[in-house]
Amino acid sequence: MMKDILKWGFICTGIIISGLIFFAFARTWKKTEIEFLIHINQELVQQSAFGESPTFAIWLEDPGKGLTHTAYVTRRAGVGDWEGKREVPVALPLWFEINKAEKQRKSPDAEMVLDEMIITGATPMPGYFRTRVRVKPGSKWICWIEVNLAGDYNDAYPEFNPVNHIQDEYGTGQPAILYKAVVEVLKAGMAVPEISGMCLFDKENRVVVEPLRGITTATEVFDEISITVVRPKPRIIQKPIIKIL
């Protein structure tokens, strides 16, 4: 009797373990991830007026449809936590416009992205930051990163301009810098994004991306950025990857 119980116990345990292993492989079968690895410059953060880590957002754009999917945005921008101020669109001007469009669309056409993305996350401390988004193999994406370090004033973007008597109301400092890279999810590989310009509002309050002007340290806030196509390794217990709302 005891031998039969032990035998069936071992059989049931084997079935459970086999099922978990199969489930782990099924989750990663024919799935690919885009990994963003960013290094935040600690020295520049400490030199800024507020000493706070930068605000930034990462999103993917489908070059065929023009649809965007936010992969990550720091908490303040994501939930509007600006210490008494409702919104600070000048922090990430382009992403704020992108986010408005995504909220209206609610990502119904995101068939090339396999999981939902969790768009907000705690603002990373200086040092290395890493996040991933799972996409379908063979898809092609334009990867965008917009970053602003508040209080990184310089002569061109001072806290108070004595000529026109204008105060930097939101402590933006130098404008947000925009990075871009095109990634084809065909096989493992790495891309290094390039600077596309700085993000501003024009006189009609429209968001424009202009060539860098008056920028000194803003391009060094991220002193290392890489975007890598990777295949996830199967794990029996796996934390959720980024998800699209």
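Every number here is computed from the coordinates shown, using simple stated rules; none is lab data. Keep in mind that what you see is a predicted model, and the values were worked out from it rather than measured.
Can you pick out the pairs among Lys180/Lys203; Lys140/Lys203; Lys100/Lys203 whose Cα atoms lie more than 30 Å from each other? If you can, show how the numbers build up before the last one.
Numbers: Lys180/Lys203 25 Å; Lys140/Lys203 35 Å; Lys100/Lys203 20 Å.
Listed pairs above 30 Å: Lys140/Lys203.
Given H placed on each backbone N at 1.01 Å, which residues far from Leu212 in sequence or on other chains put an amide H within less than 5 Å of it?
Met198
Non-local amide H neighbours of Ala176 (under 5 Å, H modeled in plane, Pro and chain starts lacking H): which ones?
Amide H neighbours of Ala176: Cys199.
Averaging the inverse of every distinct alpha carbon separation and then flipping it gives the Kirkwood radius. What is it for region 135-239, in angstrom units?
Averaging 1/r across every pair of different Cα atoms and inverting gives 16.4 Å.
Return the long-range amide H neighbours of Tyr72 (sequence gap of 5 or more, or a different chain), with a cut-off of under 5 Å between placed amide H atoms.
Those qualifying (amide H under 5 Å, at least 5 residues apart or on another chain) are Ile58.
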